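The structure appears below as structure tokens.
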Amino acid sequence: MTHPVIEFSGLSHSYGSKALRRQVLFDLSGRFDPGEIVIVKGPSGSGKTTFLTLIGGLRATQEGQISVLGQRLDGTSAQQRLQIRRHIGFIFQMHNLIGALTATQNLLMALRLHPEIPAPAKAARDLLEQVGLSHALDKYPREMSGGERQRVAIARALVTRPKIVLADEPTASLDGKTGKMVVELLRDLASQNGSAVLMVTHDARILDTGDRVLEMEDGRIRAA
Ligand SMILES: Nc1ncnc2c1ncn2[C@@H]1O[C@H](COP(=O)(O)OP(=O)(O)OP(=O)(O)O)[C@@H](O)[C@H]1O
């Protein structure tokens, strides 16, 4: 039997407190297996981003259980969640590239947490070239377009070959050709590295690239 990369049950989440408290996720359960690409879709406000940030350990679990690579996330400290996050590649719209570092240096920074990866400088350059940024290796984020910055963020998330990739609209600011190339990179990582890829997207061009679709509505997972 395959061990799931992520397993969650009874997951609920609310924002605000007292009279302003509003529940946005209701009793979610499920699992993600190695090597699968899951498309998460659903209307705006249905809870997709909240769900992704919870299973990525970016928020504390309020209710329910989450296990990531065999380690429990619920009930852990912020410090422990930080450790688990090392195994996750995040591709979010607020990509938080470090402005004082070039594209290459941003990738090297991520690689510093992974001394087991050989030849980091080559790994960084190769991946930036693969996402079509050979002209921008030494550029700073402020010198790049939005789409170029997005590609640096994608390369930074993937260069450590994480076992889990969480992506929120990864192709939103990319043209069709570049978007397709990014999806191919994700597919390679899933098949060669056994990584699980969870991708929130409305992009009609890539909806059919997933192995399955998880559809959310009003904070619940709709039965497939
Ligand atoms: N930090 C927050 N504080 C209060 N409410 C929030 C917060 N973040 C999200 N919400 C609310 O929680 C609900 C779910 O939001 P979430 O961003 O998870 O949905 P989504 O499906 O990702 O939406 P979109 O497709 O528009 O990004 C929404 O009603 C949103 O307004």
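The values are calculated or read from the model by the stated rules, or taken from the named source; none is laboratory data. Here the structure is a predicted model, which means the values were calculated and not measured. Methodologically, a virtual Cβ is constructed for each residue, glycine included, from the backbone with ideal geometry; neighbour enumeration extends over all protein chains shown.
Summed over the stretch 1-20, the residues that are within 13 Å of the ligand (Cβ to nearest atom), hydroxyl-bearing (Ser, Thr, Tyr) and part of a strand (DSSP E or B) give a count of 3. Identify the residue in the stretch 158-167 that is part of a strand (DSSP E or B) and away from the ligand (no atom under 16 Å from the Cβ) and, among all such residues, is farthest from PRO43 (Cα to Cα). Residue satisfying both the conditions and the ranking: ILE164. Filtered by the rule that a residue be touching a residue at least 40 places away in the same chain (Cβ under 8 Å) and either touching a Gly at 6+ places or on another chain (Cβ under 9 Å) or part of a helix (DSSP H, G or I) (or both), the stretch 70-91 gives ILE88, PHE90. Scanning the stretch 52-73 for residues that are crowded, with 19+ Cβ neighbours inside 10 Å and not small (Gly, Ala, Ser) turns up LEU52, LEU54, ILE55, THR61, ILE66, VAL68, LEU73.
Run down SER46, SER67 and say which single residue is more than 16 Å from the ligand (Cβ to nearest atom), among the small types (Gly, Ala, Ser) and at pLDDT 95 or above. On inspection, the qualifying residue turns out to be SER67. Here the stretch 49-64 is the region considered, the condition is being over 16 Å from GLN93 (Cβ atoms) and touching a helix residue (DSSP H, G or I) at 6+ places or on another chain (Cβ under 8 Å), and the residue that is nearest to the ligand (Cβ to nearest atom) is ARG59. Under the condition of being farther than 13 Å from VAL5 by Cα and outside any loop (DSSP other than H, G, I, E, B), which residue from the stretch 26-43 is farthest from the ligand (Cβ to nearest atom)? Residue satisfying both the conditions and the ranking: SER29. If I ask for residues that are within 16 Å of the ligand (Cβ to nearest atom) and modelled with pLDDT of 95 or more, which ones from the stretch 168-198 would you list? Selection gives LEU198 alone.
For the stretch 199-218, a tally of residues being in contact (Cβ under 8 Å) with a residue 60 or more places away in the chain, within 14 Å of the ligand (Cβ to nearest atom) and on the phi < 0 side of the Ramachandran plot returns 8.
Considering the conditions (1) surrounded by 19 or more Cβ atoms within 10 Å (Cβ to Cβ); (2) in contact with a helix residue (DSSP H, G or I) (Cβ under 6 Å, 6 or more places away or on another chain), PRO162 is excluded by exactly one of them, (2).
When you check PRO170 against the structure, is it farther than 22 Å from ASP208 by Cβ and in a loop (DSSP other than H, G, I, E, B), yes or no? Lay out the reasoning, then the answer.
Values: farther than 22 Å from ASP208 by Cβ: no; in a loop (DSSP other than H, G, I, E, B): yes.
In short, no.
Here ARG125 clears all of (1) part of a helix (DSSP H, G or I); (2) within 19 Å of the chain's Cα centre (by Cα) except the condition numbered (2).
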